[in-house]
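Student: Let me begin by handing over the structure; questions about it come next.
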Amino acid sequence: MAAPVFMACMGIGLAYSRNSDPRRIVKRGIKILIVAYILNIIRALLYVIEVCNKGTLYENLEEITILFLEGDILHFAGLALILFGIVKLFNLKDKAILAIGIVFSFVATLHTVIAPNIFSSATLGLFVATTYEGLMISEFPLVCWFIFVAFGFWFGNRLKCVKELDKFYLKWGLPCFIISFLGISYEYRHGINMMNHDPALNNFYSMVPHDALLCICFFIFLLALFHFAAKALTKWVRDLAVSTSNALNLIFIIHWIIISCICIFWAGTPNATAYLLLISMFVFVISSWLGIKLKKKKISL
């Protein structure tokens with residue numbers, strides 16, 4: 001659930017942001033998109049070093065090409081900001097932007113594009129669900145996932161009008177949890193929709209409207225949970241959460257570079273659950289610490 005929550009929070013951030021000039025939003029989106037491809041290059045080059053050392057460069061050219069071109073959540077964030085800035089240029093209200101997101105979500109379910117080669121799959125896959133030889137090279141297509149940013153923006157504008165947040169979250173938190181829990185559990189048990197892991201069929205990355213609804217319900221529940229949990233947290237923990245949020249892009253980039261290095265130097269290591277959890281915690285702590293430190297030194301991307 002991390003990806004839809006991140007995207008919906010991005011929409012709320014746009015609702016509360018003081019920098020709402022559409023041109024600035026588009027420029028920010030372009031910068032993030034450039035950084036996303038720079039990260040692709042770094043990850044691919046690390047892999048190139050590994051296969052060159054093994055003398056298997058030629059055998060892995062297709063996989064290297066995919067690493068250079070594939071779209072990830074950072075690519076989506078850049079494209080979503082560009083699209084959001086464009087629709088804001090036309091002075092569209094939050095309801096109209098949400099309607100665009102809903103229409104996109106329904107259109108995305110009509111057809112999965114089958115691409116003739118890696119390059120077209122990676123390019124089209126940034127915008128619509130696209131497969132090449134049964135694989136989705138670019139994850140989080142814009143048309144499938146923009147609904148979360150659009151909803152977050154609409155919901156953020158509603159939140160600004162709520163005078164008693166405790167009552168609001170008590171009213172909506174539990175029903176949203178029940179809906180999301182029952183729906184996601186059912187899909188997980190039967191291996192359908194976003195809980196289906198066959199890349200050639202509708203799955204998590206080619207998000208369908210009713211899955212988006214379940215994720216939105218989970219998002220509202222999570223906001224309610226964090227709203228009440230925050231009351232019990234110390235100031236130090238709340239400040240740490242804010243620092244982590246401010247450095248999110250840096251943390252994301254650093255954690256992927258660390259993961260790429262781990263994949264190279266510890267390839268073939270037993271993947272027991274406890275071992276993977278320890279590695280995950282290590283990556284989380286180190287990347288968060290480095291990201292916050294760099295952000296405080298005003299090192300920009």
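Student: Please go through the range 107-135 and give me each residue that is of a type in the set (S, T, Y) and in a helix (DSSP H, G or I), ordered by number.
Tutor: Answer for the range 107-135, where residues must be of a type in the set (S, T, Y) and in a helix (DSSP H, G or I): S120, S121, T123.
Student: Consider A200 carefully, then state whether it is more than 17 Å from A2 (Cα to Cα), surrounded by fewer than 17 Cβ atoms within 10 Å (Cβ to Cβ), aliphatic (A, V, I, L, M) and at pLDDT below 90.
Tutor: Yes; evaluated as a whole, the condition is true for this residue.
Student: Here is a further query. Looking at (1) at pLDDT 85 or above; (2) within 25 Å of L33 (Cβ to Cβ), which is the one condition that is false for K171?
Tutor: The one condition K171 does not meet is (2).
Residues are listed down the side, and each one gets a yes or a no for (1) assigned by TED's automatic domain parsing to the domain that holds G183; (2) over 29 Å from M136 (Cα atoms); (3) of a type in the set (F, W, Y):
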{"residue": "L213", "(1), (2), (3)": "yes, no, no"}
{"residue": "I216", "(1), (2), (3)": "yes, no, no"}
{"residue": "A224", "(1), (2), (3)": "yes, yes, no"}
{"residue": "V237", "(1), (2), (3)": "no, yes, no"}
{"residue": "S243", "(1), (2), (3)": "no, yes, no"}
{"residue": "N246", "(1), (2), (3)": "no, yes, no"}
{"residue": "A272", "(1), (2), (3)": "no, no, no"}
{"residue": "Y275", "(1), (2), (3)": "no, no, yes"}
{"residue": "L294", "(1), (2), (3)": "no, yes, no"}
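Student: Take I259 and decide whether it is over 25 Å from S185 (Cα atoms) and either small (G, A, S) or surrounded by 12 or more Cβ atoms within 10 Å (Cβ to Cβ) (or both).
Tutor: yes
Student: Taking the criterion of being within 18 Å of the chain's Cα centre (by Cα) and hydroxyl-bearing (S, T, Y), would at least one residue in the range 216-236 satisfy it? Write out each step before concluding.
Tutor: Step one: of the range 216-236, the residues within 18 Å of the chain's Cα centre (by Cα) are 216-220, 222-223.
Cutting the leftovers down to hydroxyl-bearing (S, T, Y) gives us none.
Looking through the range 216-236, none of the residues is within 18 Å of the chain's Cα centre (by Cα) and hydroxyl-bearing (S, T, Y).
Student: For L174, which of the numbered conditions (1) over 17 Å from the mean Cα position of the chain (by Cα); (2) closer than 30 Å to L45 by Cα; (3) not aromatic (F, W, Y) fails to hold?
Tutor: L174 satisfies all of (1) over 17 Å from the mean Cα position of the chain (by Cα); (2) closer than 30 Å to L45 by Cα; (3) not aromatic (F, W, Y) except (2).
Student: Restricting attention to the range 90-123, which residues are surrounded by fewer than 17 Cβ atoms within 10 Å (Cβ to Cβ), farther than 22 Å from P209 by Cβ and under 20 Å from the mean Cα position of the chain (by Cα)?
Tutor: Correct list: T123 only.
Student: May I pose another question? For I82, state whether it is in contact with a Phe, Trp or Tyr (Cβ under 7 Å, 6 or more places away or on another chain) and of a type in the set (A, V, I, L, M, F, W, C).
Tutor: In short, no.
The values are calculated or read from the model by the stated rules, or taken from the named source; none is laboratory data. Computed from a predicted model, the values in this text were never measured in an experiment. All Cβ positions, glycine included, derive from the backbone under ideal geometry; neighbour counts span all protein chains shown.
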